[in-house]
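Take a look at the structure set out below.
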Amino acid sequence: MCTDAPALVEAIRSLAVRGAPLLGIAGAYGVALAAARGFDVVEAARALEGARPTAVNLAVGVRRAESAYRAELAGTGEPTAAAVAALAAARALHQEDAEASTRMAAHGVALLDELLPGGGHRILTHCNSGSLVSGGEGTAFAVALAAHRAGRLRRLWVDETRPLLQGARLTAYEAARTGMAYTLLTDNAAGSLFASGDVDAVLIGADRIAADGSVANKVGSYPLAVLARYHHVPFIVVAPVTTVDPETPDGASIEVEQRPGFEVTEILAPQVPVTGAGGGIPVAPLGTQAYNPAFDVTPPELVTAIVTEEGAVSPVTAEALAELCARSRRATIG
């Protein structure tokens, strides 16, 4: 349980709280928590915002609650009222994300049916994008779940998602509890799965989408996009409009978080005796250096479509994304 902003920052950094939409929600609630407990809200907001650099939703949620706090404080001079305003902003964001999840699922299923008429979809996904990362039923996983409920999902292929196994630990759990047919595979088995003709579409989420349509998602996503292009399989990204960052011009401008090397050199298994610095069992010689980016970036030309709560963008271009964001802003104002 996080009882203050520093505890929440640590939960975010350690991935106890993770997933782009949920990070935004948690960031907003973190600002409200700091305000309610009388801490320095600006300091808490900056700490939360910087906890993970790649996922833009975290900063969006933090700034939204902080703006509500500042506006109320400037108007009334009452810290208690300002804290209430921050909490209201966090709750509104939470509700909006749940609604966005439902709309993304509907748009995603419609797109799948358009691209793959007849149903019986065999979908490959990477990392975790269900209710564990969202105020609703998720992003990419929500589309697969809607297809399952409509009787149009034949199988969900679940990448294990090394090194922290979010697919094996989390997505497989979500698939099992919904009763959908799913199969877990090692990340490096994806190529042979494509080659066998057993993948109809790839569905992933996103942590940041640049203005040109470049997509940052869990490391391992880019190789799937390359495989999908070679095998003529649709590669679809599902994310709320808030994940599109107009201030990030292209993929090269996305800061990719580098994670600790022990996540690669050790198997993190707290239930077994601790023998390594990261709390797990070493699988590489002591002192081995590890390359461990949390994300990779897929260029827009490899993305078939980006599905948001406002609809799908295909082909993916800077102009189409700009219009999508403008349409979303008009809808919000209206």
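The values are calculated or read from the model by the stated rules, or taken from the named source; none is laboratory data. Treat the numbers as computed from the prediction; the structure is a model and nothing was measured. Heads up, the Cβs are rebuilt from the backbone with ideal geometry, glycines too, and the neighbour counts pull from every protein chain shown.
Can you tell me which residue within the stretch 277-311, out of those that are of a type in the set (Gly, Ala, Ser) and either within 29 Å of LEU203 (Cα to Cα) or crowded, with 17+ Cβ neighbours inside 10 Å (or both), is modelled with the lowest pLDDT? Across the stretch 277-311, the extreme among qualifying residues is GLY280. Among the residues of this structure, GLU174 does not count as one that is part of a loop (DSSP other than H, G, I, E, B) and free of Cβ contacts under 8 Å to residues at least 60 places away in the same chain.
Give ILE236, ILE209 a once-over and let me know the one that is touching a Leu at 6+ places or on another chain (Cβ under 6 Å), under 20 Å from ARG327 (Cβ atoms) and at pLDDT 95 or above.
Numbers: ILE209 fails: touching a Leu at 6+ places or on another chain (Cβ under 6 Å).
None of the others qualify; the one that does is ILE236.
Here's the yes/no breakdown for (1) assigned by TED's automatic domain parsing to the domain that holds ASN217; (2) under 19 Å from ALA206 (Cβ atoms); (3) surrounded by 22 or more Cβ atoms within 10 Å (Cβ to Cβ):
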| residue | (1), (2), (3) |
| --- | --- |
| HIS121 | yes, no, yes |
| SER129 | yes, yes, yes |
| THR139 | yes, yes, yes |
| ARG152 | yes, no, no |
| ASP159 | yes, yes, yes |
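Annotation note: Cβ proximity below 8 Å between a residue of the stretch 96-121 that is closer than 20 Å to GLY138 by Cα and a residue that is in a loop (DSSP other than H, G, I, E, B) and among the polar types (S, T, N, Q) (sequence gap 6+ or interchain) occurs for ASP97/SER134; ALA98/SER134; SER101/SER134; SER101/THR139; MET104/THR139; LEU111/SER314. When GLU263 is tested against (1) under 29 Å from TYR182 (Cα atoms); (2) surrounded by fewer than 20 Cβ atoms within 10 Å (Cβ to Cβ); (3) assigned by TED's automatic domain parsing to the domain that holds ARG169, just one condition goes unmet, and that condition is (3).
In the stretch 185-202, the qualifying residues are those that are touching a residue at least 24 places away in the same chain (Cβ under 8 Å) and of a type in the set (A, V, I, L, M, F, W, C), and the one that is nearest to LEU111 (Cα to Cα) is ALA201.
With the structure loaded, tell me whether LEU116 is buried (at least 20 other Cβ atoms within 10 Å of the Cβ) and over 19 Å from the mean Cα position of the chain (by Cα) or whether it fails that test. Working first, answer last.
Working: buried (at least 20 other Cβ atoms within 10 Å of the Cβ): no; over 19 Å from the mean Cα position of the chain (by Cα): yes.
Judged against the criteria, LEU116 is not a match.
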